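This report concerns only the one structure given below.
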Amino acid sequence: KQEVTQIPAALSVPEGENLVLNCSFTDSAIYNLQWFRQDPGKGLTSLLLIQSSQREQTSGRLNASLDKSSGRSTLYIAASQPGDSATYLCAVGYDKVIFGPGTSLSVIP
Amino acid sequence: GAVVSQHPSWVICKSGTSVKIECRSLDFQATTMFWYRQFPKQSLMLMATSNEGSKATYEQGVEKDKFLINHASLTLSTLTVTSAHPEDSSFYICSAGQGVDQPQHFGDGTRLSIL
């Protein structure tokens, strides 16, 4: 059974810091991995999608990497801003899509 | 980009009412749709996989007679919460894709409040 975990559960950083969010999964037989952002009371915003054949994807200040063999993905956020404050979720796609528990990020001005 | 529309976005109703939530893929055909439930301050929990033209596959612990899923066309899946009670109050969200190996596109979710 696929299990997805995320570390840390919560993170508070001063504005301008670079930070890394971690996602781990137990079964490496995945099709893809997605990172999402969720603001309080809102739906999901897709940030980055990495296919199983890819190692990383970049969008603006965001960079996501995937090491399928070790069951890990990281989301790197450069020069964090208060507007980045949200919950970040990773989701693993195989015969279904399973979400991790999320990392709650707070960027302090 | 691919768009998934979920309706309604917010429902408040009395205990015992049945509530139907629609999930539509607007610009692509979705062979597979997923339904999730999210309690406050928790992550999304997969409820069921909806396959066009066949019965939904429910995750362990999800009552299929309570949460009826219909996927009658390649662009529409519905989730009906039957005889809803306050404990069914939650945020329900669907996703749609063109296959399990393809990216999933998510609706904006439905906030269900049962009084």
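Every read-out reported here was derived from the displayed coordinates using simple, explicitly stated rules and does not represent laboratory data. Quick caveat, the model's predicted, so the values are computed rather than measured. Virtual Cβ from ideal backbone geometry, glycine too; neighbours counted across all protein chains shown.
Worth pointing out:
- Computed Kirkwood radius, in angstrom, where 1/r is averaged over Cα pairs of the protein assembly as shown: 18.0 Å
- Selection among A:Tyr76, A:Gly41, A:Val92 by position relative to the dipole of chain A gives A:Val92 as farthest towards the positive end (Cβ unit charges, Cα centre).
- The protein assembly as shown - share of DSSP beta bridges that are antiparallel (%, nearest 5): 90 percent
- Computed magnitude of the charge dipole of chain B (debye, nearest 20; Cβ of K, R +1, Cβ of D, E -1): 260 debye
- Estimated inter-spin distance, A:Ala78 and B:Asp108, nm [label 7 Å along Cα→Cβ]: 3.2 nm
- Gain on full extension, evaluated as 0.36 nm per residue between B:Asp101 and B:Leu115 minus their Cα-Cα distance, stands at 1.1 nm.
- Proximal aspartates and glutamates relative to B:Lys66, as straight alpha-carbon distance under 18 Å, when same-chain residues fewer than 8 apart are discounted: B:Glu22, B:Glu87, B:Asp88
- Convex hull projection area averaged over all views, chain A, Cα basis, nm²: 6.3 nm²
- Dipole moment magnitude, nearest 20 debye, the stretch B:54-115 about Cα centre, only Lys, Arg, Asp, Glu C-beta charged: 140 debye
- In a reduced charge model with +1 at each Lys and Arg Cβ and -1 at each Asp and Glu Cβ, the protein assembly as shown shows a dipole moment near 260 debye about its Cα centre.
- Eligible lysines near B:Lys41 by straight Cα distance, threshold 20 Å, same-chain separation 8 or greater: A:Lys42
- Largest GNM mean-square fluctuation among A:Leu89, A:Leu44, A:Leu21, using chain A with Cα springs under 10 Å: A:Leu44.
- Kirkwood-based Rg to Rh ratio, chain B, C-alpha trace: 0.95
- Counted over chain B, the DSSP beta bridges are approximately 90% antiparallel.
- Modelled spin labels at B:Ser5 and A:Arg61, positioned 7 Å past Cα toward Cβ, are 3.4 nm from each other.
- Here the Karplus relation 6.51 cos²θ - 1.76 cosθ + 1.60, evaluated at θ = phi - 60°, turns the backbone of the stretch B:23-31 into coupling constants of 10, 10, 8, 7, 10, 7, 9, 9, 6 Hz, with x for every Gly and Pro.
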